[in-house]
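The values are calculated or read from the model by the stated rules, or taken from the named source; none is laboratory data. Computed from a predicted model, the values in this text were never measured in an experiment. Positions of Cβ are generated from backbone atoms using ideal geometry, with glycine treated the same way; all protein chains shown enter the neighbour counts. Each accessible area value is taken on the protein alone, full model and side chains, heavy atoms only, with ligands, DNA and RNA left out. Shrake-Rupley method; radii C 1.70, N 1.55, O 1.52, S 1.80 Å.
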Amino acid sequence: IDFDLILEKVKDLNVLAGEGISQIEHTPGGARLRQPKPLPLTLYRNGIVMFNGPFRPYEDPSTQQCLQDIMDGYFPSELQLRYPDGI
């Protein structure tokens, strides 16, 4: 696992997702600025945890696909159901 590459690609994806950019959220009687909610990803020596979910070992095919998507510069394809309009 190339952790340096993963971290570099995650930083790039964070920029694409609008890190540091506030969005306007309309509220009853006005509006307010809000930051996009972060998508937690924790890397361990032997696996990952995403969304405070279960531990996923690197040997798991879905974990390998998730990390390959990130290393290829894409948001993980498994997030399409959770974020159908994009992140």
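Some observations on this one:
- Among Ile21, Ile48, Ile70: highest mean-square fluctuation, GNM of the chain, C-alpha pairs under 10 Å: Ile21
- Taking segment 3-82 and dividing mean pair separation by its residue count, relative contact order in percent (alpha carbons under 8 Å, at least six apart): 24
- Charge tally in the Cβ shell below 13 Å around Glu25, where Lys, Arg are +1 and Asp, Glu are -1, Glu25 excluded: +3
- With kT/(6 pi eta Rh) evaluated at 10 °C and eta = 1.306 mPa s, and Rh the Kirkwood radius from Cα pairs, the chain diffuses with a coefficient of 110 µm²/s according to Stokes-Einstein.
- Computed over neighbours whose Cβ is under 13 Å from that of Gln65, the net charge equals -4, Lys and Arg +1, Asp and Glu -1.
- Distance in nm between pseudo-label sites at Leu81 and Leu5 (7 Å out along the Cβ direction from Cα): 2.8
- Segment 3-82 - percent of accessible surface contributed by carbon and sulfur, probe 1.4 Å: 54
- Heavy-atom accessible surface of the chain, averaged per residue, reaches 75 Å², computed with a 1.4 Å probe.
- Those residues of segment 68-87 whose amide nitrogen sits under 19 Å from the label point placed on Asn14, 7 Å along Cα→Cβ: 68-76, 87
- Candidates per GluC sites (Glu not before Pro) in segment 5-67, loop by DSSP, up to 14 other Cβ within 10 Å: Glu19, Glu59
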